[in-house]
Amino acid sequence: MIRHHLSKVFNLFIILALFATPLTATAATGDFQFAKRLGGTGSDTGYEVATDSSGNIIVAGHVTGDADLNGDGDYTDDGESSTGYGSTDVVFSVFNSDGVFKFAKRLGGTGTDRGRGVATDSLGNIIVSGYISGNADLNGDGDSTDGGAESGTGFGGYDIFFSVFNSDGEFQFAKRIGSTGSDTGLALAVDTSGNIIVGGYLAGNADLNGDGDNTDGGAEDSTGYGGYDVVFSVFNSSGVFQFAKRLGGTSSDIPYALTTDTSGNIIVAGLVNGNADLNGDGDSTDGGAESGTGYGNNDVFFSVFTFLRASASHSANSTKGSPRSKISTALSCAVLA
Ligand SMILES: [Ca+2]
Ligand SMILES: [Ca+2]
Ligand SMILES: [Ca+2]
Ligand SMILES: [Ca+2]
């Protein structure tokens with residue numbers, strides 16, 4: 001009886017060992033899988049990498065002139081030989097989890113264009129962000145004549161932008177925000193509902209909702225705190241503007257990172273100088289971290305903001321008079337506050 005039992009245990013051990021052996025062999029920590037090198041003869045830089053739920057890898061940055069975008073060692077493939085835009089261009093390339101090239105996109109105009117952020121949403125859409133100057137191709141079709149955000153010479157200098165493509169590389173929409181000065185997009189996040197948060201630094205009056213003017217009040221219609229200010233704008237997954245914030249003090253303040261948590265909070269981090277508005281209410285007199293004269297040149301900061309999503313707002317509004325619907329309405333009215 002005991003011998004029979006031992007035999008069963010041994011058989012189970014064999015079965016486990018059969019399953020365990022290949023797993024152990026293929027999942028050893030630190031095993032190199034593959035690498036890719038992209039670029040041309042000029043200056044090319046990768047700034048951010050993202051993955052989607054299927055394991056695809058998206059790398060984003062900038063290239064100059066003809067550039068290998070699929071990593072096969074030449075720049076003679078479709079879309080690779082694109083000297084038309086001039087100076088540096090935003091690019092991103094997509095590879096599957098085995099390193100097989102899927103597609104690449106190049107965006108930009110005749111001036112300096114930089115890809116600084118890339119992220120994906122739960123549907124596999126790819127969002128690329130950064131900064132561009134003047135008329136710029138934002139849908140990746142090789143021209144800058146498609147109107148909307150693409151043909152925005154009005155702001156001047158650099159403008160902050162983002163473009164959205166689906167998982168097959170089909171263009172969805174793009175937004176451009178900024179002022180007449182040099183506006184630099186450095187940070188990007190996408191939350192679990194697909195809301196897109198794009199951040200950067202700029203000075204003075206600026207279009208923060210992407211409608212082409214800087215006359216919408218709130219954070220948009222502000223001469224700013226002086227120097228560069230931290231800004232971020234939130235758009236839903238369809239590109240509808242939700243709200244924007246401007247933070248900073250009299251010197252230059254710069255956001256380098258944005259992230260979200262599972263409760264929908266938005267966290268922005270970067271550097272500020274001296275007294276600085278950290279809650280986005282337009283002053284730097286609220287005490288705490290805001291009213292620190294600082295530790296000297298450039299201090300680290302982060303600020304956390306809640307975000308009541310549009311879907312939650314709609315369902316709450318259907319229950320007339322509930323406390324939550326009043327909160328939602330107040331937030332909807334204060335979109336640019
Ligand atoms: Ca190539
Ligand atoms: Ca175009
Ligand atoms: Ca506007
Ligand atoms: Ca404040």
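Cross-link partners of residue 175 among aspartates and glutamates, defined as those whose alpha carbon lies under 14 angstrom from its own and excluding same-chain residues fewer than eight positions apart: 137, 146, 150, 159, 183, 207, 211, 213. The stretch between residue 238 and residue 78, if pulled fully straight at 0.36 nm per residue, gains 54.7 nm over its current Cα-Cα span.
Of the peptides 293-299, 46-52, the ranking by mean beta-carbon count within 10 Å, highest at the top, reads 46-52, 293-299.
The ranking of 36, 105 from fewest to most other beta carbons within 10 Å of each one's beta carbon is 36, 105.
Approximating the spin labels as points 7 Å out from Cα along Cα→Cβ, the residue 297-to-residue 28 distance works out to 4.9 nm. Under the convention that each Lys and Arg Cβ holds +1 and each Asp and Glu Cβ holds -1, the size of the dipole of the stretch 35-154 around its Cα centre is about 400 debye.
One quarter of the convex hull surface built on the alpha carbon atoms of the stretch 35-177 amounts to 7.5 nm², the projected area averaged over directions.
Per-residue extension of 0.36 nm, minus the Cα-Cα distance of residue 123 and residue 304, leaves a gain of 62.6 nm for this segment.
Throughout, read-outs are computed from the coordinates displayed, never taken from laboratory work. Since this is a predicted model, take the numbers as computed values, not measurements. FYI the Cβ positions are ideal-geometry reconstructions off the backbone, even for glycines, and counts take in every protein chain you see.
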